[in-house]
Every structure is written in structure tokens, then in C-alpha cells.
Amino acid sequence: MKRFVAPSLLSANFGNLEPDLDMINRSECDWLHIDIMDGVFVPNISFGFPVLKHVARLCKKPLDVHLMIVRPEKFLNEVKDLGAYSMNVHVEACTHLHRVVQQIKDAGMKAGVTLNPATPVSVLEEVVEDLDIVMLMAVNPGFGGQKFITHTLDKVARLRRMIDSRGAGALIEVDGGVNRDTGRRLYEAGADVLVAGSAVFHAQDPLEEIHVLKNL
């Protein structure tokens, strides 16, 4: 089974993104993970679309766009215009989740749905077969560098069983507190994609760190 690594831009050097994006382009990573925060759904603000247009021009890797915002469907066209590979929305932020998932697919992007730590995987029972990606937050969203919530491992295993039992094709992505130790355990539990921020961008050798995470 292929293992994916998606470094999180949230941990990059905001004062000078170009060297970090050059590293991403030269690396073995699969996607660049981008967290968009609105200060409402989560208690922080990250990137706006003018900055992300510059990132999209420089980055040669597919963009995995994670919207930590209320009513994420309002920005579907902006995410599409970035050339994003995937658009990932929170189940907690979407009143009509099935409709939003279909809108993402109709826009030509992979459809992802994210669950906060306290949200059970059972909420996806009616929609999981329509999804390309399910992302589990292993920290409470809004800040980088938080400690990994260990019950995420059991949650990954339960989600793996749900996906496999239905013959669904969704990849399991995990965001938060990912490093060599937690990454290995997540892969063993059934995860496909590791989102790694601090572990990559704060490493002495980010290229080597990405290589290690892909081959745990």
C-alpha cells in the first residue's frame, strides 16, 4: 500500500516561503498541505488567497487544501482557481455535507472531509462512499506543534474497517502531532497519508525527514 506524506505549510517560514517551497518541490512528498483558518471556526487566522496564489505558482506538488472555516463552500471557486488537487472541509462546519462533497467533485477536485478529535467516525456512515479522503485531526485544530491525541490510533482503525467493509476508496489522512513515532503507529493502524508540519520544516534535514516518513 502506497504511503503519502503531505508537509503542512503552516510550519514553514512565513517571512520567506520560497526556500521552503523549493525544498518541497525537490522532496519526495506527495502533496503540500495548506490550512486555511478564519478565526471563527478555529481561534487563529492563517493564509488568504492572495498569498496562496503565489504559493500555487511556485509549488510543483499537488495542493491539499484544508478549510478550517465556517461555510467552506463559499470559497469553492477560489480553491479551484488555485489548481488544488483536493478540497477538504470539516463535517462540523457543513450543514449540508453531501451537497458540499458533490460541489467539490463537480469542480474537478478530490473531495475530503475532516473530523475534529471529539467527532466520531460514525457521522460519515451515509457519505463515506462518496469521499476521496477522510482526514482525522489528531490535535484540536487551529495551531501547529500540538501534542498527538493517542486515541486517534483507535479512531483510524475504526475508520479503516468502515471504509474497507463498504468497499469505499477513501484515503485516510491524519493531521496533528505527526512525527516518526506517531507516523509509524498511524500507518500500522491503517492511515494512508501523514500531514507533517513541525516534524518536516523544523528538522535539520527536511528532505531526509520526508524520506523517512514515507518509508516508516
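Quick note: the coordinates plus some simple rules give every number you see, no bench work behind them. What you see is a predicted model; the values in this text were computed from it and never measured. Heads up, the Cβs are rebuilt from the backbone with ideal geometry, glycines too, and the neighbour counts pull from every protein chain shown.
Here are some residues: Val195, Val200, Val178. Which one is of a type outside the set (S, T, N, Q), crowded, with 18+ Cβ neighbours inside 10 Å and part of a loop (DSSP other than H, G, I, E, B)?
Val178
All but one of (1) in contact (Cβ under 8 Å) with a residue 40 or more places away in the chain; (2) part of a loop (DSSP other than H, G, I, E, B) hold for Asn140, so report the exception by its number.
Going through the list (1) in contact (Cβ under 8 Å) with a residue 40 or more places away in the chain; (2) part of a loop (DSSP other than H, G, I, E, B), Asn140 breaks only (1).
Would you check which residues across the range 128-147 are buried (at least 16 other Cβ atoms within 10 Å of the Cβ) and in contact with a Leu (Cβ under 9 Å, 6 or more places away or on another chain) and list them?
Answer for the range 128-147, where residues must be buried (at least 16 other Cβ atoms within 10 Å of the Cβ) and in contact with a Leu (Cβ under 9 Å, 6 or more places away or on another chain): Val128, Leu131, Asp132, Ile133, Val134, Met135, Leu136, Met137, Ala138, Gly144.
Restricting to the range 1-20, what's the tally of residues that are among the polar types (S, T, N, Q) and surrounded by fewer than 16 Cβ atoms within 10 Å (Cβ to Cβ)?
Matching residues across the range 1-20 total 2.
Could you check the range 100-138 and list, in sequence order, the residues that are acidic (Asp, Glu) and either within 12 Å of the chain's Cα centre (by Cα) or under 16 Å from Val193 (Cβ atoms) (or both)?
Passing the criteria: only Asp132.
Check Ser46 against each of (1) in contact (Cβ under 8 Å) with a residue 40 or more places away in the chain; (2) closer than 14 Å to Pro141 by Cα and name the one condition it does not meet.
Result: Ser46 fails condition (1) only.
Please enumerate the residues belonging to the range 21-41 that are out of contact with any Cys (no Cβ under 7 Å at 6 or more places or on another chain), among the aliphatic types (A, V, I, L, M) and buried (at least 20 other Cβ atoms within 10 Å of the Cβ).
Correct list: Ile34, Ile36, Met37.
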